[in-house]
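S.K.: Got a structure for you, written out below as structure tokens; questions coming shortly.
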Amino acid sequence: MTIKSVVFDMGQVLLRFDGMMLSSAFTNDEGDARLLNAALFAHPSWSLLDAGAIDEGTMERVAAARLPERLHPNLHRALAEWDLHQPAITGTNRLAERIHAAGLGVYLLSNAGLRFERAHARIPCWDIMDGWVVSAYEGLMKPDPRIYQLLCDRYGLKPAECLFVDDNRDNVAGAMVAGMEAHLFVGADALGHELMQRGTEV
């Protein structure tokens, strides 16, 4: 079936999300950055934040319990400002704009917390998005097939006409269970090549 819409993940596809990179923005010491990353971005509770199951205050208390007190100010700043240190992945954003110009729908489906309210402004292609679904607002997370179906139901899409793009294999598998075509993201060039193979000139 012809692809009519491309559904993008956000972290590591449209915006970089690298815990060590983000942690390093809040300390000049590599060892402290590793501690901060382990307690915050790489901690299992971060997924609960993305799910909307805990708030940022709870996340800060969980992380603080795993850090020496001297790093608590760094933690507080990191949690308050991390999204301001996410660079865009230029190639993917430009490709999304070309996809939109070619007449296909462009959507976002992300496991992300309520900070998305501010973070989405850093996505260069945000203004051409036709719709979005974010886990913390829905109480569902990828790779649960229901969140892919929710996107389709909300915007009147047929799953088989959507190509879902994510850097996480489990999330790609979830999209396929939901009936979507799926692409494991490794870079904009490979995604553009797959679209051409599927008959979409971008």
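S.K.: Using Cα-Cα distances under 8 Å and only pairs 6 or more residues apart, what relative contact order does the chain have, in percent?
M.R.: Working: 326 pairs, mean separation 54.8, N = 202.
For the chain, the relative contact order is 27 percent.
S.K.: Out of [x] 13.3; [y] 10.7; [z] 14.9, which label holds the value of mean projected area of the Cα convex hull in nm² that was computed here?
M.R.: [y]
S.K.: Rounded to the nearest 5, what is the percent of antiparallel bridges among the DSSP beta bridges in the chain? Before the final figure, lay out the partial values.
M.R.: Values: 1 of 18 bridges.
Antiparallel bridges make up about 5 percent of those DSSP assigns within the chain.
S.K.: Using the basic label-point model (7 angstrom from Cα toward the beta carbon), what is the H72 to R154 distance in nanometres?
M.R.: Here the modelled spin labels are 3.8 nm apart.
S.K.: Based on alpha-carbon centroids, what's the gap between the range 89-108 and the range 7-82 in Å, whole number please?
M.R.: The range 89-108 and the range 7-82 have Cα centres separated by 29 Å.
S.K.: Something else now. Rank S24, S5 by accessible area, highest first, at a 1.4 Å probe radius?
M.R.: Most to least solvent-accessible, the answer reads S24, S5.
S.K.: For the pair L184 and A42, what calculated FRET efficiency results from E = 1/(1 + (r/R0)^6), where r is the Cβ-Cβ distance and R0 = 25 Å, to the nearest 0.05? It would help to have the intermediate numbers written out before the result.
M.R.: Values: r = 22 Å, r/R0 = 0.86.
My answer for the efficiency is 0.70.
S.K.: Same structure, new question: Counting only protein heavy atoms and a 1.4 Å probe, tell me what percentage of the chain's accessible area is made up of carbon and sulfur. Before the final figure, lay out each step's value.
M.R.: Values: 4710 of 9450 Å².
C and S fraction of accessible area: 50 percent.
S.K.: Report the calculated FRET efficiency for R198 and Q12 (r = Cβ-Cβ distance, R0 = 25 Å), to the nearest 0.05.
M.R.: Working: r = 23 Å, r/R0 = 0.90.
Step by step, r from the Cβ atoms, then E = 0.65.
S.K.: I'd like the accessible area for D130: 1.4 Å probe, protein heavy atoms, all chains in place, Å² to the nearest 10.
M.R.: That residue has around 70 Å² of solvent-accessible surface.
S.K.: For the chain, what does the helix formula give at 222 nm: sum of -39500 (n - 2.57) over DSSP H segments with n ≥ 4, over the residue count, nearest 500 deg cm²/dmol? Please report the intermediate quantities before stating the final value.
M.R.: Working: 11 runs with 92 residues, N = 202.
Result for the chain, helices only: -12500 deg cm²/dmol.
S.K.: Next up: Running a GNM on the chain with Cα contacts under 10 Å, which residue among P68, P159, P87 ends up with the highest mean-square fluctuation?
M.R.: Of P68, P159, P87, the Gaussian network model singles out P68 as fluctuating most.
S.K.: Would you work out which of G187, I123, Y107 lies farthest towards the positive end of the dipole of the range 84-202? Charges go on Cβ: Lys and Arg +1, Asp and Glu -1.
M.R.: Of G187, I123, Y107, it is I123.
S.K.: Over the alpha carbons of the range 11-77, what is the largest minus smallest coordinate on each principal axis, giving the biggest first in Å?
M.R.: 29, 26, 17
S.K.: Okay, moving on. Distance in nm between label sites at A65 and R34, each 7 Å beyond Cα in the beta-carbon direction?
M.R.: If labels sit at A65 and R34, their model points lie 2.4 nm apart.
S.K.: Let me ask another. I'd like the accessible area for T2, computed on protein heavy atoms only with a 1.4 Å probe and all protein chains in place. Round to 10 Å², please.
M.R.: Rounded to the nearest 10, that gives 90 Å².
The values are calculated or read from the model by the stated rules, or taken from the named source; none is laboratory data. Small disclaimer: the values here were computed from a predicted structure and weren't measured. Note that we place each Cβ from the backbone using ideal geometry, even for glycine, and neighbour counts take in every protein chain shown. For the accessible areas, the whole protein counts, side chains as well, though only heavy atoms, and no ligand, DNA or RNA atoms are used. Shrake-Rupley method; radii C 1.70, N 1.55, O 1.52, S 1.80 Å.
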